[in-house]
Structure formats: structure tokens, C-alpha cells
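Q: Provided herewith is a single structure, encoded as C-alpha cells, for subsequent inquiry.
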Amino acid sequence: MSGKAIGKDGVSDTGLATMVYALQAVSFFLGITYLVAIALNYAKMESVGGTLQESHFRWQMRTFWLSILGTVVGLATCGLLIGYPILLGTCVWVIYRISVGWLALRAGNEVNPTALT
């Protein structure tokens, strides 16, 4: 036995969240995976309730929606030239969130899904 807890859907305690972090990371090269990641978050949210993955799913969902907001604001203000730093900052922030979340997951720790950093 691997020692990992098995969730309600038969996937290891960290398997789904790991998959979503990977999809989010790959989205920098293949954007559609970002949509697949958020769809997976919403589709499986009920099955991860009460597990370690729940905080990670909320963290991932918040990362998605706030990155969409940052992207929209950045694109809307590109004509003022301030949009480019906003877009760059949004990308750096998403990379940070993926890294922090994934490392916490690998260590078996929860994340605070309402935190911005």
C-alpha cells in the first residue's frame, strides 16, 4: 500500500489537485488546458469535500478567476501602456500561485484559498 489516502472517487488524496496544477502550468504553452483545469475543479469539487484537496481546489479556482480579472484589466489598459506590466504581473503571480500550491500539496499541507499570495 502506498500510504496515501484514497478520496471518495477512488483517486489518491493528492492526485486530482496535482493534475490541476499540472494543467495550469501547461496552460502557459497550451492555453486550453487552463479551461480544462477549471472545469475539472468544478466537476470534482463535491468529491474532494473534507479532504486535503478541497483547500487546493479553492486555491486553484481563485487563481483562475483572479488571473482572468488581471488579464482583462491588463488587456483593457494596454492602450495606456500600463496594461503590459499588469499582464506581466498577472503571469508572475499565476506562476507563484501554482508553485506555492503544488509545493504545499507535495508536502501534504493545506493552503489558505482566500489568500492572494
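Q: List the residue ranges in the chain for DSSP H helices whose C-alpha atoms run 27 angstrom or more along the long axis and whose Kyte-Doolittle average is -1.0 or above.
A: Within the chain the helices that satisfy the rule are 52-76, 83-106.
Q: Suppose every K and R has +1 on its Cβ and every D and E has -1 on its Cβ; what is the size of the dipole of the chain about the Cα centre, in Debye to the nearest 20? Intermediate values should be presented prior to the final figure.
A: Values: 7 positive and 5 negative charges, 19 e Å.
Dipole magnitude for the chain comes out near 100 debye.
Q: Now for a separate question. For the chain, what is the mean residue ellipticity at 222 nm derived from helices alone (per DSSP H run of n ≥ 4: -39500 (n - 2.57); sum divided by total residues; nearest 500 deg cm²/dmol)?
A: Per the formula, -21500 deg cm²/dmol.
Every number in this text was worked out from the coordinates using simple rules, so none of it is lab data. The structure displayed is predicted, hence computed values, not measured ones. Positions of Cβ are backbone-derived with ideal geometry, glycine not excepted, and every protein chain shown enters the neighbour counts.
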